[in-house]
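Notes for the one structure printed next.
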Amino acid sequence: MENITWPQRIAATAAHASWIFGVGVIWLPLLLWFVFRNNDFVRPHAKQALAWQICSLVFLFMVGVGTVLAGLADNDDDLMIAAAILCVAIIPATIFPFIGTIKALAMEPYGYPLVKRFVEVSACDS
């Protein structure tokens, strides 16, 4: 792998950390992907973070809508199940970006579960 500069490490880290801090969700990884499109370290991190954030937002939105609809149905059991699913869904949506942030700081490639099948993990992986 080429020499990775400190700004490149920060850019790759920011792509993952934007989900954790709620700042720049989706647009920050997208911006970093375009700015560093020729960089073999930042580009895969930004693409992974972007794909994960889009998938997480869609899934959490669907579960949230299901929770609201269950709450409107006057059935407490359905509401409790939907709320539990929402709480459980938030855990991996938050933990995996933490792992990606740590891997980016350590200059290691990282692929989110389920997403890495569809998006490059690293151009340097064999």
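Accessible area per residue for the chain, computed on protein heavy atoms with a 1.4 Å probe, is 59 Å². Spin-label model, Asp78 to Ile20: label points 7 Å out along the Cα-to-beta-carbon direction sit 3.8 nm apart. Across the stretch 41-126, C-alpha contacts under 8 Å between residues 6 or more apart give a mean separation that, scaled by the residue count, equals a relative contact order of 49 percent. On the basis of the beta-carbon distance and an R0 of 22 Å, Leu69 and Ile90 show a calculated FRET efficiency of 0.75.
With all protein chains present, how much of the accessible area of the stretch 1-123 (probe radius 1.4 Å) comes from carbon and sulfur, to the nearest whole percent? Here carbon and sulfur together make up 72 percent of the probe-accessible area.
Placing one equal scatterer on every Cα of the chain and applying the Debye formula, the log10 ratio I(q)/I(0) at q = 0.09, 0.10, 0.15 Å⁻¹ is -0.30, -0.36, -0.66.
The values are calculated or read from the model by the stated rules, or taken from the named source; none is laboratory data. Source: prediction; values computed, not measured. Positions of Cβ are backbone-derived with ideal geometry, glycine not excepted, and every protein chain shown enters the neighbour counts. Protein only, heavy atoms only, side chains kept; ligands, DNA and RNA dropped before computing areas. Shrake-Rupley method; radii C 1.70, N 1.55, O 1.52, S 1.80 Å.
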